[in-house]
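Please read the structure below before turning to the comments.
The values are calculated or read from the model by the stated rules, or taken from the named source; none is laboratory data. Everything quoted here is computed from the prediction, not taken from an experiment. Glycine also receives a Cβ, built like all others from the backbone with ideal geometry; neighbour counts cover every protein chain displayed.
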Amino acid sequence: MFDFLNNLKIVQSDDALPGRQTPIISSEKSYINNRSLNGPWPSEYETAIFGMGCFWGAERLFWSINGVYVTSVGYAGGFTPNPTYEEVCSGQTGHAEVVQIVFEKNNCSYEKLLKIFFESHNPTQGMRQGNDRGTQYRSIIIYGNEIQKENAQRVKDIYNTNLLSKGFNCITTEIKSFDHYYLAEIYHQQYLSKNPNGYCGIEGTGIKFI
């Protein structure tokens, strides 16, 4: 019981697991389109990083959107370098399960991705998403520049007002600057393409963005 309660508080940096210098995976390619998961990518591409519960379902939401070049899943928002899945699930890394979306700026706007992000999960639940509980399942946006930060806050505020008017609690989504993104183990990558009937705990509120 106490382990469960501790897993609902983000670990402090001094108490986080030490991790390792070597990446869990390195030069991997997407199971869907054989494109590199870790770049480099041409200058016309930008990245978005979102955490919205189990990253299997989160990745599936984005990989077929027009203008999206490649997606991957990984860990971000915490302290432990190159963590394993088991370490992230322990709550002792500070990381969230996230999806990284590489998109062509001229064909897919960051705002469009933000709207999909907010509509496709329940961003009011704190350290959980449905039955998945723990800090790794928190709602989080990792922004890469000031424009992304401003757009994320603006879209969050608009959707928060909409949810409050429908009787929901305030949005708990964390908006945090990019530090590191660590690719998750290869069996997690494009998991629901490899296993179409696999688990997906992603579920939205049913409230559309206005």
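Of all residues in the stretch 41-67, those being surrounded by fewer than 15 Cβ atoms within 10 Å (Cβ to Cβ), without any contact (Cβ under 8 Å) to a residue 60 or more places away in the chain and under 20 Å from Gln148 (Cα atoms) number 3. Only one of the listed residues (Gly204, Gly126) is closer than 26 Å to Thr84 by Cβ and surrounded by 13 or more Cβ atoms within 10 Å (Cβ to Cβ). That residue is Gly126.
A residue that is in a loop (DSSP other than H, G, I, E, B) and out of contact with any Leu (no Cβ under 7 Å at 6 or more places or on another chain) occurs somewhere in the stretch 43-52.
Take the stretch 165-201 and flag every residue that is surrounded by 15 or more Cβ atoms within 10 Å (Cβ to Cβ), on the phi > 0 side of the Ramachandran plot and either without any contact (Cβ under 8 Å) to a residue 12 or more places away in the chain or of a type outside the set (S, T, N, Q) (or both). Hits for the stretch 165-201: nothing passes.
So for the stretch 108-122 (the condition being in a loop (DSSP other than H, G, I, E, B), in contact (Cβ under 8 Å) with a residue 40 or more places away in the chain and over 22 Å from Gly201 (Cα atoms)), does at least one residue qualify? Checking the stretch 108-122: at least one residue is in a loop (DSSP other than H, G, I, E, B), in contact (Cβ under 8 Å) with a residue 40 or more places away in the chain and over 22 Å from Gly201 (Cα atoms).
From the list Gln148, Gln136, which residue is modelled with pLDDT of 95 or more, within 16 Å of the chain's Cα centre (by Cα) and closer than 19 Å to Lys9 by Cα?
Exactly one of Gln148, Gln136 is modelled with pLDDT of 95 or more, within 16 Å of the chain's Cα centre (by Cα) and closer than 19 Å to Lys9 by Cα, namely Gln136.
Filtered by the rule that a residue be in a strand (DSSP E or B), surrounded by 23 or more Cβ atoms within 10 Å (Cβ to Cβ) and more than 15 Å from the chain's Cα centre (by Cα), the stretch 69-102 gives no residues. Go over the candidates Ser26, Ser30 one by one and state the one that is touching a strand residue (DSSP E or B) at 6+ places or on another chain (Cβ under 9 Å), crowded, with 16+ Cβ neighbours inside 10 Å and not β-branched (Val, Ile, Thr). None of the other options fit; the residue is Ser30. Asn162 passes every criterion in (1) among the polar types (S, T, N, Q); (2) within 15 Å of Gly201 (Cα to Cα); (3) free of Cβ contacts under 8 Å to residues at least 60 places away in the same chain apart from (2). Does Gln125 satisfy the criteria of being assigned to a loop (DSSP other than H, G, I, E, B), modelled with pLDDT of 95 or more and not hydrophobic (A, V, I, L, M, F, W, C)? It is true that Gln125 is assigned to a loop (DSSP other than H, G, I, E, B), modelled with pLDDT of 95 or more and not hydrophobic (A, V, I, L, M, F, W, C).
Scanning the stretch 59-108 for residues that are under 22 Å from Gly126 (Cβ atoms) and either at pLDDT below 95 or touching a Cys at 6+ places or on another chain (Cβ under 9 Å) (or both) returns a single hit, Glu97. Filtering the stretch 68-100 to residues that are more than 23 Å from Glu203 (Cα to Cα), touching a residue at least 40 places away in the same chain (Cβ under 8 Å) and not polar (S, T, N, Q) leaves Gly78, Phe79, Pro81, Pro83, Glu87, Gly94. Of all residues in the stretch 129-136, one or more are buried (at least 20 other Cβ atoms within 10 Å of the Cβ), touching a residue at least 24 places away in the same chain (Cβ under 8 Å) and part of a strand (DSSP E or B).
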